[in-house]
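What follows is a set of notes on a single structure, which appears directly below.
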Amino acid sequence: MRRDFTKIGALAAVMALGLGFGASVAEAQKSGGVLQFYHRGTPPSGSIHEEATNSTSSPYMGVFNNLVMYDHAKPTNSVDTIIPDLATEWAWSGDGTKLTFKLREGVKFHDGKPFTAKDVVCTWNLVLGKAKARLRKNPRKSWYTNLESIEQKGDHEVTFNLKRKQPAFLSLLAGGYSPVYPCHVPPKKMRTHPIGTGPFKFVSLKQNEKVVFTKNENYWKEGRPYLDGHEWTIIKSRSTRVLAFVAGKFDMTYNSDVSVPLLKDVKEQAPHVQCYKGPNNVSTNLIVNQDTAPFDNADVRKAMVLSIDRDAFIKILGHGETIKSGALLPPPAGVWGMTPDALAKVAGYSTDVEGNRAKARKIMEGLGYNNDNRLKVKVATRNIAVYRDPAVILIDHLKEIYIDAELETVETSNWHAKVARKDYQVGLNLTGIGVDDPDAMFYENYACGSQRNYTGYCKPEMMELFEKQSMMESGPERKALVWEIDKRLQEDAARPIIFNNVTATCWQPYVKGFVMMTNSIYNGWRLEDVWLDK
Amino acid sequence: MSTYLIRRFLLMLLTLIGMSIVIFVLLRLVPGNIADIMFDSAGFVDPEEKALLEKELGLDLPIPVQYWHWIKGLMVGDLGFSYVSEMPAIDEIAPRIPITAKLAGLALFFSILFGLPLGVISAVRQNTPLDYILRVVSLSGLSLPSFWLALLILMACVAYLGEIPIYTDTPETLWDELALYLLPSAAVGFRASALIMRLTRSSMLEVLRQDYIRTAKAKGASDNSINYVHALKNAVLPVTTIIGIEAAFLIGGLIITETVFNIPGVAHFLVEAILMRDYPIVQNLVMFIAVIVVVINFLTDLSYAVLDPRIKYAD
């Protein structure tokens, strides 16, 4: 316990460094210059609504505006940091089922067409699948299951009609995954040449080469952006790209690309660079196919949860820096996660690993498993180090409870197809969340029918709890219920979280005005406040 | 000779048709298709949406029909569209070919420039310290993986020069281009030069023991004339075969080198396209490589007759 608090203290210090970096915005900003990033691979497309990866959201976020957004100067996203964007003001109806936005006037898309309420209606009709045009992929459909319809009143007012009260709906609209698309541009063009109202215009994407954005001279926010543009050179080899950053070829690394061990190398070779090291709200978790025997038996899953020694994962893989958590990221980086005290009360999270495993063995023995009758399974995972390495440790832990697991590495591009087919027994997965809010987390990953609920976990009583917390205003009462839900999800082995990852993003000292978000890597990349002190 | 050329040409055509079938079928036998992969970045696969996407891309058609569409397009210069970028495949492939061609050409040039003369020197100075050094160097060239060598070069550049010679922008001048391709081509050409050197050495040793060499020496010919005119001309035939094969196989070494030096050539692009199952890119690019290999083989065969007057291609 003491160690956890020390770790949180250390993280807070590192985050303070990040904040300090943000505070440098107060210096006299200079305009001009093109910010050079490296990117880890070609973005799958430029259409943020169709992707669930920061490969797209980080470079393309500056092309768009949202209705509301998380304040880019504040590192921890919460309902209190939501500020106007394309909406100038908003109001809830008395029963909390109608959210009305007044829209900014005089805003133009990059192609010169005016932004109106029609574009907002079109965007969310597209996401709901109600538009004539269709998105090829719609990964956040589950966020909007409570959205009944969108109505426009004139050109500058729009109302979101909800089926029931959902105060956190505003949070969903504030994340980087909720940009407003132009009505007049078809989805196909948005994938290849996106058009928005944002501070940067898309110029070109050359596969395996570069993504280029230039300043939107007609941006509605006066004096922004400071940069003339930003460019993302695609470098697949991690060694090459980090070396190139160290050599000063790039102004910034890719979003959260520097692992904890790699950060030590970077700091040794280039002590002058600045880095934010912190949680990225991407968890490493266990997925168990609940449709196949014997994993349809909750007791087997419970035993598996009890076998996990989270501290071992944290020590071996995260050099002691990754974070023990439930589904939601704990403070100070996150808003909704359980504190170490609360986590210790969740089955499988206590430091008495041997005690937990003894209980697990007893469960397994009750089911007929023992040293002479061991359960043979395959642990499937993507063939990438960040997936493979924890899977190997997991296999070692499962051995302690009469489970002999074999590693099954899956070509990375086939991973989700395999999981969707439920063609696995046990798997190891990574899950990132776009908005640090229980609604986004629960409805996307644990709700019945969600396409990203990989394990097929579905309990009506949990759905009721999801809805109950969703109807509550943010505050201690909602938090208490969220903790209770999170505890049950972990103990039900719905998708047990092994640890929450910590990574770093680095930049040269002359890059100013960028604040790394602590609880979502998918937010904070608009880059309109960033400038170069050269 | 003309009958031989026609026969070879027809054989080349037949080989290419066979290869197109193999490429097309093999690509579709690999598990996972583009629809699955495209959904991967969304973190899920929706069966209905996947079916729609397959229809949109024409992947729901029978394989022979898909093959016919491809070949029909090839014949009129229509390579189709990249599934990933949704751009015409020709626009994706064409700009990358000169980059890889220059890199491969330079690598081959390096390997011949160093491999041939060093092989001759090593043979002529057999069992001297210089021979031992050259043999160790050539052995290391064969055993060092090119990706490791490439990384080592990059790390040394950063550590000692504070610079990294990787491709980030299109080079503007010929000098920029040469500077950019010099190290990667040396990294990839090192192995080929080692191979050429060893083969030249053993071939030269064999030739140097021939009677006509002794005769030339007896007649008072200079060492250079003996080594480079009389001996090398006869020793170079097996080396030519190897150079031809190496030129064809260079693409394999370039995949890694292009990745490490971040060079946007076809080799690196091909691997990415294979991983993404971007069929129009992969099948056209592999077909292009097949044409190159077949043509190089043909030219190598023809060069035998030029290098060795005893070889004649009968009609």
Keeping to segment B:31-65, report how many residues are out of contact with any Asp or Glu (no Cβ under 8 Å at 6 or more places or on another chain), of a type in the set (Val, Ile, Thr) and more than 7 Å from chain A (Cβ to nearest Cβ).
2
Close pairs from segment A:234-247: first within 21 Å of A:Ser45 (Cα to Cα) and more than 7 Å from chain B (Cβ to nearest Cβ), partner assigned to a loop (DSSP other than H, G, I, E, B) and hydroxyl-bearing (Ser, Thr, Tyr), Cβ under 7 Å, at least 6 apart
A:Ile234/A:Thr42
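For segment A:128-170, how many residues meet the condition of being within 14 Å of another protein chain (Cβ to nearest Cβ) and over 18 Å from A:Ser470 (Cβ atoms)?
Just the residues of segment A:128-170 that are within 14 Å of another protein chain (Cβ to nearest Cβ), to begin with: A:129, A:133-143.
So of that shortlist, the ones also over 18 Å from A:Ser470 (Cβ atoms) come out as A:129, A:133-139.
Total satisfying the criteria: 8.
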Taking the condition of being small (Gly, Ala, Ser) and within 29 Å of B:Ala94 (Cβ to Cβ), how many residues in segment A:177-227 meet it?
1
Please indicate, with yes or no, whether at least one residue in segment A:312-327 is outside any helix (DSSP H, G or I) and at positive phi.
yes
Residue count, segment A:222-233, condition within 14 Å of chain B (Cβ to nearest Cβ) and either aromatic (Phe, Trp, Tyr) or within 22 Å of the chain's Cα centre (by Cα) (or both), comes to 1
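Could you look through segment A:28-46, keep only residues that are at the interface with chain B (Cβ under 10 Å from one of its Cβ atoms) and modelled with pLDDT under 95, and pick out the one that is nearest to A:Arg241 (Cα to Cα)?
In the first step, residues of segment A:28-46 are kept if they are at the interface with chain B (Cβ under 10 Å from one of its Cβ atoms); the result is A:36, A:38, A:41-45.
Then keep just the ones that are modelled with pLDDT under 95; that gives A:41-45.
On the way: A:Gly41: 11, A:Thr42: 14, A:Pro43: 16, A:Pro44: 19, A:Ser45: 22 Å.
The residue in question is A:Gly41.
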Could you check how many residues of segment B:61-71 are closer than 14 Å to B:Asn33 by Cβ and surrounded by 13 or more Cβ atoms within 10 Å (Cβ to Cβ)?
2
In this structure, is B:Ile133 away from chain A (no Cβ under 14 Å), crowded, with 18+ Cβ neighbours inside 10 Å and hydrophobic (A, V, I, L, M, F, W, C)?
no
For B:Arg277, which of the numbered conditions (1) of a type outside the set (Asp, Glu); (2) within 14 Å of another protein chain (Cβ to nearest Cβ); (3) at negative phi fails to hold?
(3)
Members of segment A:463-485 that are at pLDDT below 95 and surrounded by 15 or more Cβ atoms within 10 Å (Cβ to Cβ)
A:Ser474
Would you confirm, using the coordinates I've provided, whether B:Ile289 is under 30 Å from A:Pro44 (Cβ atoms), more than 14 Å from every other protein chain (Cβ to nearest Cβ), β-branched (Val, Ile, Thr) and within 15 Å of the chain's Cα centre (by Cα)?
yes
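Kindly indicate whether any position in segment A:444-451 is over 19 Å from the mean Cα position of the chain (by Cα) and away from every other protein chain (no Cβ under 13 Å). Lay out the reasoning, then the answer.
So in segment A:444-451, the residues over 19 Å from the mean Cα position of the chain (by Cα) come out as A:448-449.
Retained after the next criterion (residues that are away from every other protein chain (no Cβ under 13 Å)): A:448.
Taking every residue of segment A:444-451 in turn, at least one turns out to be over 19 Å from the mean Cα position of the chain (by Cα) and away from every other protein chain (no Cβ under 13 Å).
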Consider A:Asp71 against the criteria (1) of a type outside the set (A, V, I, L, M); (2) more than 30 Å from A:Asn280 (Cβ to Cβ); (3) free of Cβ contacts under 8 Å to residues at least 40 places away in the same chain: it satisfies all of them except one. Which criterion is unmet?
(2)
Checking the condition more than 15 Å from A:Ile48 (Cβ to Cβ), aliphatic (A, V, I, L, M), in the same structural domain as A:Leu527 (by TED's automatic domain parsing) and touching a Pro at 6+ places or on another chain (Cβ under 8 Å), which residue from A:Val121, A:Val68, A:Val63 passes?
A:Val68
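Suppose the filter is in contact (Cβ under 8 Å) with a residue 12 or more places away in the chain and among the basic types (Lys, Arg); does B:Arg125 pass it? Lay out the reasoning, then the answer.
Working: in contact (Cβ under 8 Å) with a residue 12 or more places away in the chain: no; among the basic types (Lys, Arg): yes.
It is false that B:Arg125 is in contact (Cβ under 8 Å) with a residue 12 or more places away in the chain and among the basic types (Lys, Arg).
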Selection from segment B:268-302 of residues touching a Gly at 6+ places or on another chain (Cβ under 8 Å) and either outside any helix (DSSP H, G or I) or among the small types (Gly, Ala, Ser) (or both) yields B:Arg277
Got a sec? Which of B:Leu130, B:Leu134 is without any contact (Cβ under 8 Å) to a residue 12 or more places away in the chain and either part of a helix (DSSP H, G or I) or among the polar types (S, T, N, Q) (or both)?
B:Leu130
Scan of segment A:96-126 for residues that are buried (at least 22 other Cβ atoms within 10 Å of the Cβ) and part of a strand (DSSP E or B), ordered by number:
A:Leu99, A:Phe101, A:Leu103
Quick check on segment A:411-439: of everything there that is surrounded by fewer than 20 Cβ atoms within 10 Å (Cβ to Cβ), at pLDDT 85 or above and farther than 20 Å from A:Ile393 by Cα, which residue is nearest to the other protein chains (Cβ to nearest Cβ)?
A:Gly432
For segment B:258-267: of the residues being part of a helix (DSSP H, G or I) and crowded, with 24+ Cβ neighbours inside 10 Å, which is nearest to the other protein chains (Cβ to nearest Cβ)?
B:Val260
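How many residues are among the acidic types (Asp, Glu), farther than 20 Å from A:Thr53 by Cα and either more than 14 Å from every other protein chain (Cβ to nearest Cβ) or free of Cβ contacts under 8 Å to residues at least 40 places away in the same chain (or both) if we restrict to segment A:248-269? Working first, answer last.
Our first condition is that a residue be among the acidic types (Asp, Glu); within segment A:248-269, this holds for A:251, A:257, A:265, A:268.
Checking which are farther than 20 Å from A:Thr53 by Cα leaves us with A:251, A:265, A:268.
From what's left, either more than 14 Å from every other protein chain (Cβ to nearest Cβ) or free of Cβ contacts under 8 Å to residues at least 40 places away in the same chain (or both): A:265, A:268.
Summing the residues that are among the acidic types (Asp, Glu), farther than 20 Å from A:Thr53 by Cα and either more than 14 Å from every other protein chain (Cβ to nearest Cβ) or free of Cβ contacts under 8 Å to residues at least 40 places away in the same chain (or both) in segment A:248-269 gives 2.
What helices (runs of 4 or more DSSP H) completely inside segment B:1-61 contain at least 3 residues that are within 32 Å of the chain's Cα centre (by Cα) and farther than 30 Å from A:Val282 by Cβ? Explain how you work it out, then say what you get.
Working: elements: B:2-29, B:34-40, B:47-57.
Those helices (runs of 4 or more DSSP H) span B:2-29.
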When B:Leu152 is evaluated against the numbered criteria (1) surrounded by 21 or more Cβ atoms within 10 Å (Cβ to Cβ); (2) farther than 23 Å from B:Asn227 by Cβ, which criterion, by number, is the only one it fails?
(1)
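The values are calculated or read from the model by the stated rules, or taken from the named source; none is laboratory data. Remember, it's a predicted structure, so these values are computed and weren't measured experimentally. Don't worry about glycine lacking a Cβ; one is built from the backbone with ideal geometry, like all the others, and counts go over all protein chains shown.
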